[in-house]
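The values are calculated or read from the model by the stated rules, or taken from the named source; none is laboratory data. What you are looking at is a predicted structure, and each value in this text was computed from that prediction instead of being measured. Virtual Cβ from ideal backbone geometry, glycine too; neighbours counted across all protein chains shown.
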């Protein structure tokens, strides 16, 4: 039985769908550096890197004290919120995406701060390795999952 998605995960799904329509490849819950985990990172068709933080409520936003630490890992930073979110909380110098669980729309672009070539290369390699490893799990889920599947087949 699958666990229902949380509100922030639903926003991330809508954002990811929108990014795919713009020829970006998104990845959710990515760790760009030690002690950081972004909701969505997306690699664009020209190698650009965007980070999107999904906030489902005022409390969720107020609890986020790490977002400025994400800026050295992207060319653009966005907040993704739903239509009921109090927009006045969001810093005006950041990007804004209105989203729901099905799609999203970019309302405002934050400034573009191009990454250094060495940083970009390192992030793209990490992105690729992470994506490949996530795909590997579908091909080879590992001993625990295989054993569980065999047990359920024999019941």
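Considering the conditions (1) crowded, with 17+ Cβ neighbours inside 10 Å; (2) at pLDDT 95 or above, residue 17 is excluded by exactly one of them, (1). Scanning the range 42-59 for residues that are at negative phi and in contact with a helix residue (DSSP H, G or I) (Cβ under 7 Å, 6 or more places away or on another chain) turns up 42, 43, 49, 51, 52, 53, 54, 55, 56, 58.
Table: residues versus (1) under 19 Å from residue 21 (Cβ atoms); (2) surrounded by 12 or more Cβ atoms within 10 Å (Cβ to Cβ); (3) modelled with pLDDT of 95 or more.
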| residue | (1), (2), (3) |
| --- | --- |
| 70 | no, yes, yes |
| 74 | no, yes, yes |
| 77 | no, yes, yes |
| 80 | yes, yes, yes |
| 93 | no, no, no |
| 97 | yes, yes, yes |
| 100 | yes, yes, no |
| 104 | yes, yes, yes |
| 107 | yes, yes, yes |
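For the range 45-60, the set of residues classified as outside any strand (DSSP E or B) and within 18 Å of residue 29 (Cβ to Cβ) consists of 55, 56, 60, listed by residue number.
Only residues that are farther than 21 Å from residue 111 by Cα and part of a loop (DSSP other than H, G, I, E, B): list them for the range 9-44, please. Listed by number, the residues that qualify are 31, 33, 34, 35, 36, 37. Look at (1) touching a residue at least 40 places away in the same chain (Cβ under 8 Å); (2) loosely packed, with under 15 Cβ neighbours inside 10 Å and you find that residue 52 fails only one, number (2).
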